[in-house]
Amino acid sequence: MSTTIHLKGMTWSDPRGYDPVVAAAHAFSQKHPNISITWDKRSLQGFETTPVDELAAAYDLMIIDHPHVGSVAGKGHLLALDEHASEASLAALANETLGKSYISYNLHGHQWALPVDAATQVQACRPDLTERATTWAQIVDRAREGTLLWALRSPHTLMNFYTLAANIGHPCGSSPDEIVNAQVGEKVFEALLAVSDHVDPMCFDMDPIAILDVMATEDRFHTSPFIYLYKGYSDAAYRPHRIAFTDIPTLGKSGPIGSALGGTGLAVSAKTKHPEICVDFALWVAGADCQSTLYTQSNGQPGNAVAWGNEAVNAPVMDAYFNTRQTHESAWLRPRHDGYMGFQEDGSTIVNDVLQHKTTPANAMQALNARYAASFA
């Protein structure tokens, strides 16, 4: 009789993060009766802040965020998947990636996770109350009307800064000496303040899920300009009202480019006693077949471009993937060096201080650039 192999996984607590991996684990166990995979979950805030090395010490499989990769790559915490998966299987996933999703987990010449969930900042609106905004000027008007909500809780204020900077043609992090040119940064703050000065103060305590929950239940708010895609809110019967997701409104003249990339990847602990099984599971979950069927049918938001182009996948979510495809394909990739996560935390506070008028844009740019340069030390 074969010995049963028990594997443990960690994901995040939203149905989008938990339900599809549990379903995948069940299906995998049906194909391999001697293998069981149990998934634990943590909050969105815990997902954004918990160090990956802590997870790798306790779990075989982990859903992670790509900015964390730099702090663990090559340090014996994560398995280098390219050393265990075939070149052909990884080439297929790289070819099927959505924008920079696949390369976001590639660092120092190795692949540390596989994209299973794609997300970037897009626009959300209530289609029964309004149409999508196409320009930043329209967003300013809606903020003044009091019909706009915006996630301004850390780290989302910094993500908003990133997206606007890239959208006007100045992506952040191009040089280790500064996050962005001070004059560009001040222009970005001007655009941010034109909106944040008119939103409900509760926005500073709200993450994307909180924003979408209010928009889906109350009729006084109908637009959020930059918010990470959460396909569940487009599903019928998920909340009282459905949310439509579309490409971002633009401040620059090049279209909906530069959105700060999010999404999640499936990583394997370097400490697992069953690396080959874990890699096989990760390859299958990230693949086009699983992503286009079981994964999306189990509340998942796919990271595979084949699934994004599938009409049957789009139909239940009001074409959310079709309607945000351009924004995702042209999304901007955050820095991932060892030391970046500390900057992200401090940088979010600096941006918030400007939006709450605790400091000036000029002083904030000095602080942001100095802190970013120091993050490479």
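The values are calculated or read from the model by the stated rules, or taken from the named source; none is laboratory data. The model shown is predicted, which means the values in this text are computed figures rather than measured ones. Reconstructed Cβ throughout: ideal geometry from the backbone, glycine too, with neighbour counts over all protein chains shown. What goes into the accessible areas is simple: the full protein's heavy atoms, side chains included, and nothing from ligands, DNA or RNA. Shrake-Rupley method; radii C 1.70, N 1.55, O 1.52, S 1.80 Å.
I need the strands (runs of 3 or more DSSP E) fully contained in region 1-108, keeping only those with at least 3 residues that are in contact (Cβ under 8 Å) with a residue 12 or more places away in the chain, open to solvent by 10 Å² or more (accessible area, probe 1.4 Å) and not acidic (Asp, Glu).
Passing ranges, in order: 5-12, 35-42.
Could you give every pair whose Cβ atoms fall below 8 Å, whose first residue belongs to region 131-150 and is within 18 Å of Ala244 (Cβ to Cβ), and whose second residue is among the acidic types (Asp, Glu) and assigned to a loop (DSSP other than H, G, I, E, B), counting only separations of at least 6 or pairs across chains?
Short answer, once both residue conditions are applied: Arg132/Asp247; Leu149/Asp200.
Looking at Tyr340, is it under 16 Å from Met159 (Cα atoms) and surrounded by fewer than 22 Cβ atoms within 10 Å (Cβ to Cβ)?
Considered against the rule, which asks whether it is under 16 Å from Met159 (Cα atoms) and surrounded by fewer than 22 Cβ atoms within 10 Å (Cβ to Cβ), Tyr340 comes out as yes.
Of all residues being part of a helix (DSSP H, G or I) and in contact with a Ser or Thr (Cβ under 8 Å, 6 or more places away or on another chain) in region 157-185, which is nearest to Asp65 (Cα to Cα)? Just the residue, please.
Leu158
Can you name the residue in region 306-320 that is touching a residue at least 60 places away in the same chain (Cβ under 8 Å) and crowded, with 24+ Cβ neighbours inside 10 Å and, of all such residues, is nearest to Ala92 (Cα to Cα)?
Going through the qualifying residues, I end up with Trp308.
From the list Leu283, Leu355, which residue is over 30 Å from Lys31 (Cβ atoms) and aliphatic (A, V, I, L, M)?
So the residue among Leu283, Leu355 that is over 30 Å from Lys31 (Cβ atoms) and aliphatic (A, V, I, L, M) is Leu355.
Please state which one of Ser298, Ser259 is modelled with pLDDT of 95 or more and either open to solvent by 10 Å² or more (accessible area, probe 1.4 Å) or of a type in the set (A, V, I, L, M) (or both).
Ser298
Please identify the pairs in which a residue from region 327-352 that is acidic (Asp, Glu) has its Cβ atom under 6 Å from the Cβ atom of a residue that is in a loop (DSSP other than H, G, I, E, B), counting only partners at least 6 apart or on another chain.
Going by the 6 Å Cβ cut-off, the qualifying pairs are Glu329/Gly99.
Is it the case that Val188 is out of contact with any Ser or Thr (no Cβ under 7 Å at 6 or more places or on another chain), β-branched (Val, Ile, Thr) and farther than 24 Å from Glu345 by Cβ?
No; evaluated as a whole, the condition is false for this residue.
If you go through region 158-179 one residue at a time, how many are under 18 Å from Gly252 (Cβ atoms) and either surrounded by fewer than 24 Cβ atoms within 10 Å (Cβ to Cβ) or over 24 Å from the mean Cα position of the chain (by Cα) (or both)?
Looking only at that region, the number is 6.
Any residue that is in a loop (DSSP other than H, G, I, E, B), within 30 Å of His84 (Cβ to Cβ), open to solvent by 10 Å² or more (accessible area, probe 1.4 Å) and acidic (Asp, Glu) - is there at least one of those in region 128-139?
Checking region 128-139: not a single residue is in a loop (DSSP other than H, G, I, E, B), within 30 Å of His84 (Cβ to Cβ), open to solvent by 10 Å² or more (accessible area, probe 1.4 Å) and acidic (Asp, Glu).
For Tyr372, indicate whether it is crowded, with 22+ Cβ neighbours inside 10 Å and not hydrophobic (A, V, I, L, M, F, W, C).
yes
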